[in-house]
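The block underneath contains the structure these notes are about, expressed in structure tokens.
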Amino acid sequence: MTESLLDLTIAELIKRHPTALKVLAAQGLGMFADPETAEIFGPLLKLRTLLKSHDINPELFCRLLEETMAEDGRLREHTLTSPNLNLFALLPCPLKVPLEEAFTAFVAGLSEERRATLTFCIEGNANNQIDYADYADHFEQLDEMPDIIITPGFNSFFHRPFVERFIKSGQFRSVNDYAGDSHLAPLGVTDPEGHYTMLAMNLLVLVVDHARMGNRPVPRSWADLLGPEYVDCLAIRGNKDGTFCETLLMTIYKEFGSTGLERLGRNVRYGWHPSQMVKAAGSGRDDTPAVSAMPLFFANNIRNREHVTIVWPEDGALVSPVTMLVKAEKQEELRDVVAFLTGPEVARICAGAFFPAVHPAVDNRLPDNATFKWIGWDYVKEHDLKTLIAETNATFLQAFHGKTA
């Protein structure tokens, strides 16, 4: 019984045994009582994966579940199945709606027979109750995952457990060899080992509020942000859980080591969501940071521009990738879906939202002299990113908190 329960997805478990919600809640997993969370993530996670990720003993959990079900009524013995999810996309907010609309229209244009075989879920990564990528460390079998997975940033799909188990064994294969347009081609966006597919990139630039700069010089590079003149006057992306922008921290560490992180920590005043930076820029508020490191999309949505300048760093805008994983065994079966996702329509949507796409036929509307700073596939694969991200964040935080101690 235990094994059969563990092999159910959370959606199947709740549908078959509604009492499971009580047991999940008792173990601190009450987020699945939220209909939106259950709808989005319920079909994606097997019970064994969920329990493993939260370090919950599966045998004890299943025993408690069976006892609770027995109290609520006789256990119904029947098998419920749900269709395997072909596509799960967890997208940056600016891309979620237009890409969902485009993909829905694409599916609607397929034959009725083909539509009946496809299932998909496209969500924004702003859901603050659960992050699907966090479970990648705990997947053990390929069938625990959707056939195609699209995610932003350096998440758990780049962590060593997932890489060792699924990437190095060749269970995911890249589906295009696009090098990008003339701006992007020198970067090396194509995974040389043919596992990950980069679809687009979230670019990080600098925004300067001249009303808050005083006598400080305008920074022209990421290295400039480490100077003593910028102490306690910067804003970078930070989350409520105390984690800061991993792309920026890893890049600073790669180039300037722990000393660079310590200097950055002393200079950062706020760990904000980019939307907070946008509202503050040019507002005249006393708490406005002099310099903010924010995504290009948000920088281009600042309304009060009179005293604000968007600075494209001379050493390059930082690249945070939007990547796609496709199961090798499903590439032929899903070739029409893959062709659409890597095609010009999706690329134009990304470019239109200031997420430069790697499709060579798309105009990304980039400055003629635009340069980029990409941490590189070699660096990503040679390091244990989970450990690296945790260590760089800890070093940064020590200086960030230490300046006010």
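A few remarks follow.
- Inter-residue pairs, beta-carbon under 8 Å, first over 18 Å from K373 (Cβ atoms) and touching a residue at least 60 places away in the same chain (Cβ under 8 Å) and in the range 295-322, second of a type in the set (G, A, S) and assigned to a loop (DSSP other than H, G, I, E, B), 6+ apart: I302/A281; I302/G282; H307/G282; V308/A281; V308/G282
- Of the residues L206, L225, the single one that is closer than 27 Å to C93 by Cβ, touching a Ser or Thr at 6+ places or on another chain (Cβ under 8 Å) and at pLDDT 95 or above is L206.
- Within the range 386-393, one or more residues are among the β-branched types (V, I, T), surrounded by fewer than 18 Cβ atoms within 10 Å (Cβ to Cβ) and either over 26 Å from V311 (Cα atoms) or free of Cβ contacts under 8 Å to residues at least 24 places away in the same chain (or both).
- Looking only at the range 29-69, and only at residues there that are within 24 Å of C121 (Cα to Cα) and among the acidic types (D, E), the one that is modelled with the highest pLDDT: E39
- Test for S258: is it outside the structural domain of Q171 (by TED's automatic domain parsing), among the small types (G, A, S) and either at pLDDT below 95 or within 18 Å of V319 (Cβ to Cβ) (or both): no
- Qualifying helices (runs of 4 or more DSSP H) (wholly inside the range 212-328; at least 2 residues being under 30 Å from D177 (Cβ atoms)): 246-267, 296-299
- Count of residues meeting criterion [in a loop (DSSP other than H, G, I, E, B), buried (at least 20 other Cβ atoms within 10 Å of the Cβ) and out of contact with any Pro (no Cβ under 8 Å at 6 or more places or on another chain)] in the range 335-365: 3
- Residue match in the range 136-152 (condition: of a type in the set (S, T, Y) and touching a strand residue (DSSP E or B) at 6+ places or on another chain (Cβ under 8 Å)): yes
- Total residues in the range 313-344, condition more than 21 Å from the chain's Cα centre (by Cα) and among the basic types (K, R): 2
- Scanning the range 234-261 for residues that are closer than 20 Å to A290 by Cβ and in contact with a Gly (Cβ under 9 Å, 6 or more places away or on another chain) yields a total of 7.
- Flag if P146 is buried (at least 20 other Cβ atoms within 10 Å of the Cβ) and in a loop (DSSP other than H, G, I, E, B): yes
- Residue check, V278 crowded, with 22+ Cβ neighbours inside 10 Å, in contact with a helix residue (DSSP H, G or I) (Cβ under 6 Å, 6 or more places away or on another chain) and closer than 22 Å to L366 by Cβ: yes
- Exclusive hit being outside the structural domain of I302 (by TED's automatic domain parsing), assigned to a helix (DSSP H, G or I) and surrounded by fewer than 16 Cβ atoms within 10 Å (Cβ to Cβ), set D368, D378: D378
- One residue alone among A11, A26, A20, A108 is at pLDDT 75 or above and surrounded by fewer than 17 Cβ atoms within 10 Å (Cβ to Cβ), and that residue is A108.
- Residues (hydroxyl-bearing (S, T, Y) and either closer than 28 Å to E329 by Cβ or not in a loop (DSSP other than H, G, I, E, B) (or both)) located in the range 173-189: S174, Y178
- Residue within the range 396-403 that is over 30 Å from G214 (Cβ atoms) and either surrounded by fewer than 16 Cβ atoms within 10 Å (Cβ to Cβ) or touching a residue at least 24 places away in the same chain (Cβ under 8 Å) (or both) present: no
- Any hit, the range 275-286, residues being touching a residue at least 24 places away in the same chain (Cβ under 8 Å) and within 30 Å of D378 (Cα to Cα): no
- Search result, residues across the range 230-261 that are surrounded by fewer than 19 Cβ atoms within 10 Å (Cβ to Cβ) and over 17 Å from the mean Cα position of the chain (by Cα): V231, D232, K254, E255, F256, G257, S258, T259
The values are calculated or read from the model by the stated rules, or taken from the named source; none is laboratory data. Just so it is clear, the structure is predicted and the values come from calculations on it, not from any experiment. A quick note on method: Cβ atoms are made from the backbone with ideal geometry, for glycine too, and the neighbour counts reach across all protein chains shown.
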